Amino acid sequence: MRQTIAHSAERVFGALSPTPQGIARDVFLRLTALGDGTQDTRRRVQRAELVAGRGAQAIQVALERLAEARLVTLADDSVEVAHEALIGSVLTGGKSRRVGCFGQMSCPGSLSGLLA
């Protein structure tokens, strides 16, 4: 099942152009709670936190596309990674992206930098 979920994520991610890929990756990083000596896990984030500021419409479109692919779960006011198997996938950049987030409870990413 983990491989099926990973393949689905790779397929959806590969179909995106570079800017939406960056948005999707940063959304997933913000939905990841980094473990300190333990496995990284998913975390629920308020939707308003993800779409605040510049590029809100592009972020919302990315969220809808990820939800259609069942990679994230959208509630009325929150967003969450649909399955733990997606943590460490192509969408989070694997462990290589974790280095820049070391020591934080989560990795907020920089959505605004992609949309400037």
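The values are calculated or read from the model by the stated rules, or taken from the named source; none is laboratory data. These figures come from a predicted structure and were not determined experimentally. Methodologically, a virtual Cβ is constructed for each residue, glycine included, from the backbone with ideal geometry; neighbour enumeration extends over all protein chains shown.
Within the option set Ala58, Ala116, being modelled with pLDDT of 55 or more, among the hydrophobic types (A, V, I, L, M, F, W, C) and at negative phi holds for one residue only, Ala58. Looking only at residues of segment 42-60 that are within 13 Å of the chain's Cα centre (by Cα), within 13 Å of Ile23 (Cβ to Cβ) and not polar (S, T, N, Q), we find that the one that is surrounded by the fewest Cβ atoms within 10 Å (Cβ to Cβ) is Val51.
Restricting attention to segment 68-99, and to residues there that are outside any helix (DSSP H, G or I) and among the polar types (S, T, N, Q), which single residue is modelled with the lowest pLDDT?
Let us first name the residues in segment 68-99 that are outside any helix (DSSP H, G or I), namely 69-83, 87-93.
Next cut, among the polar types (S, T, N, Q) only: 73, 78, 89, 92.
Values: Thr73: 94, Ser78: 95, Ser89: 63, Thr92: 56.
By that ranking, first place goes to Thr92.
The single condition among (1) at pLDDT below 85; (2) in contact with a His (Cβ under 9 Å, 6 or more places away or on another chain); (3) charged (D, E, K, R) that Glu10 does not meet is (2).
Considering only segment 22-40, state which residues are outside any loop (DSSP other than H, G, I, E, B) and not charged (D, E, K, R). Hits for segment 22-40 are Gly22, Ile23, Ala24, Val27, Phe28, Leu29, Thr32, Ala33. Could you list, in sequence order, all residues of segment 71-83 that are exposed (fewer than 13 other Cβ atoms within 10 Å of the Cβ) and of a type outside the set (A, V, I, L, M, F, W, C)? Correct list: Asp76, Asp77.
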